[in-house]
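Contents: one structure, followed by commentary.
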Amino acid sequence: MAELSVRSVLVTGANRGIGLGFVQHFLRMPKPPQWIFAGCRDPKGQRAQELQNLASKHSNIIIIPLEVSDPASIKAAAAKVGEHLGGSGLNLLINNAGMVKANILETETLEDMSEVYTTNTIGPLLMAQAFLPLLKKAAQGSPGSGLSCSKAAIVNISSIAGSISSFFGWDIVQGTSYRCSKAALNMLSKCQSLAYKEHGILCVALHPGWVQTDLGAAAGHPPPTTVDDSVQGMLKVLSTLSEKETGTFLDWEGNVIPW
Ligand code: NDP
């Protein structure tokens, strides 16, 4: 199996949970990326402390202020990343930032539905639009004609909760806004895969498992999977993907999830 080997990666929501796990695992790779762009909406805040500590020890971590629900913030982030990269492209965009509201159907509101959709679905859409030139550049600069995550890829961290046919965890948490936002993110991933294939960019929706993070614990039950296991699994899956898998919905163990 080919190793995942990227020169540059951007992870959104990189200051805690699964996003921070990605940063830590990229650092531990035999050949770590030259640039690990860690998107974080409040780099000076308490919740960014661990990421700041890591960045102070590893010069390849660049903390990028990034609020994924704000187009101006996304635009500024793309410009900053472009500056760091000089003339080269961005290999891997991991749209990880996400939020949940543990509402039941009766308590969903316009505000909550909008906020969750904006963060979980529109954020990844705008991110891909803004970083497309850099992703295209990475694809053009890599040898070979096939698709791979080492070349150029958009990875949308979705959830099995957005699977219409699986209704996973309904008895534990309804979270209608979350489920709808992730079902829409799955469709977005498919659309991106169709549109960006000709540019050499692989696109995939990935379920990280039920993971021990603040979001994972929001259901009120202890999640079974550690951040380490989830991220390690996802990176292994990413290393195996080719044009056959673009536009699919997979989990952290490589299983295909029904839409
Ligand atoms: P956490 O709650 O631990 O972390 C969420 C991260 O997203 C934080 O860094 C947070 O930043 C960031 N974030 C939230 N909203 C925004 C925003 N508007 N702009 C920028 N950053 C934002 O969650 P997880 O690590 O568990 O979740 C990561 C992804 O995995 C999400 O997309 C989630 O839906 C998905 N997922 C998680 C599962 C689980 O069991 N944990 C299961 C299935 C999917 P801040 O610290 O500033 O709030």
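Restricted to the range 1-105, the set of helices (runs of 4 or more DSSP H) holding at least 3 residues that are more than 26 Å from GLY209 (Cβ to Cβ) and out of contact with any Pro (no Cβ under 6 Å at 6 or more places or on another chain) comprises 49-57, 71-85.
Pick out the one residue from LYS197, LYS182, LYS190 that is assigned to a helix (DSSP H, G or I), within 30 Å of LEU110 (Cα to Cα) and out of contact with any helix residue (DSSP H, G or I) (no Cβ under 9 Å at 6 or more places or on another chain). Being assigned to a helix (DSSP H, G or I), within 30 Å of LEU110 (Cα to Cα) and out of contact with any helix residue (DSSP H, G or I) (no Cβ under 9 Å at 6 or more places or on another chain) holds for just one of LYS197, LYS182, LYS190, which is LYS190. In the range 139-147, the count of residues that are part of a loop (DSSP other than H, G, I, E, B), under 19 Å from the mean Cα position of the chain (by Cα) and of a type outside the set (Val, Ile, Thr) is one or more.
Does ALA138 count as closer than 26 Å to ARG7 by Cβ, crowded, with 24+ Cβ neighbours inside 10 Å, in contact with a His (Cβ under 9 Å, 6 or more places away or on another chain) and touching a residue at least 40 places away in the same chain (Cβ under 8 Å)? No, not satisfied.
Just a yes or no: is a residue in the range 26-43 of a type in the set (Val, Ile, Thr), within 11 Å of the ligand (Cβ to nearest atom) and surrounded by 17 or more Cβ atoms within 10 Å (Cβ to Cβ)? Looking through the range 26-43, none of the residues is of a type in the set (Val, Ile, Thr), within 11 Å of the ligand (Cβ to nearest atom) and surrounded by 17 or more Cβ atoms within 10 Å (Cβ to Cβ). Restricting attention to the range 1-24, the residues that are open to solvent by less than 20 Å² (accessible area, probe 1.4 Å) and either more than 16 Å from ILE64 (Cβ to Cβ) or more than 13 Å from the ligand (Cβ to nearest atom) (or both) add up to 5. Specify which of the listed residues (VAL100, VAL116, VAL155, VAL173) is at pLDDT below 95, open to solvent by less than 60 Å² (accessible area, probe 1.4 Å) and closer than 25 Å to TRP259 by Cβ. Result: VAL173 is the single residue among VAL100, VAL116, VAL155, VAL173 that is at pLDDT below 95, open to solvent by less than 60 Å² (accessible area, probe 1.4 Å) and closer than 25 Å to TRP259 by Cβ. Selection of the range 119-135 for residues being open to solvent by 30 Å² or more (accessible area, probe 1.4 Å), aliphatic (A, V, I, L, M) and away from the ligand (no atom under 12 Å from the Cβ) yields LEU125, ALA130. The set of residues in the range 235-252 that are of a type outside the set (Phe, Trp, Tyr) and closer than 17 Å to ALA161 by Cβ comprises LEU250, ASP251. Figure legend. Inter-residue proximity from the range 93-108: first residues within 18 Å of HIS207 (Cβ to Cβ) and near the ligand (Cβ under 6 Å from one of its atoms), second residues open to solvent by 40 Å² or more (accessible area, probe 1.4 Å) and assigned to a loop (DSSP other than H, G, I, E, B), beta-carbon distance below 8 Å, spacing 6+ or different chains. Indicated pairs: ALA97/ARG41. Of all the numbered requirements in (1) of a type in the set (D, E, K, R); (2) within 13 Å of the ligand (Cβ to nearest atom); (3) surrounded by 15 or more Cβ atoms within 10 Å (Cβ to Cβ); (4) in contact (Cβ under 8 Å) with a residue 24 or more places away in the chain, LYS197 misses one, and that requirement is (2).
In this structure, is LEU250 closer than 18 Å to ILE94 by Cβ, in a helix (DSSP H, G or I) and more than 11 Å from the ligand (Cβ to nearest atom)? Considered against the rule, which asks whether it is closer than 18 Å to ILE94 by Cβ, in a helix (DSSP H, G or I) and more than 11 Å from the ligand (Cβ to nearest atom), LEU250 comes out as no.
Just a yes or no: is a residue in the range 162-176 among the hydrophobic types (A, V, I, L, M, F, W, C), within 16 Å of the ligand (Cβ to nearest atom) and farther than 30 Å from PRO223 by Cα? Checked the range 162-176: no residue is among the hydrophobic types (A, V, I, L, M, F, W, C), within 16 Å of the ligand (Cβ to nearest atom) and farther than 30 Å from PRO223 by Cα.
The values are calculated or read from the model by the stated rules, or taken from the named source; none is laboratory data. Everything numeric here is computed off the predicted structure, so don't read it as measured data. No Cβ is skipped: glycine too gets one built from the backbone with ideal geometry, and neighbour counts run over all protein chains shown. Heads up: the accessible areas ignore ligands, DNA and RNA and are worked out on the full protein's heavy atoms, side chains in. Shrake-Rupley method; radii C 1.70, N 1.55, O 1.52, S 1.80 Å.
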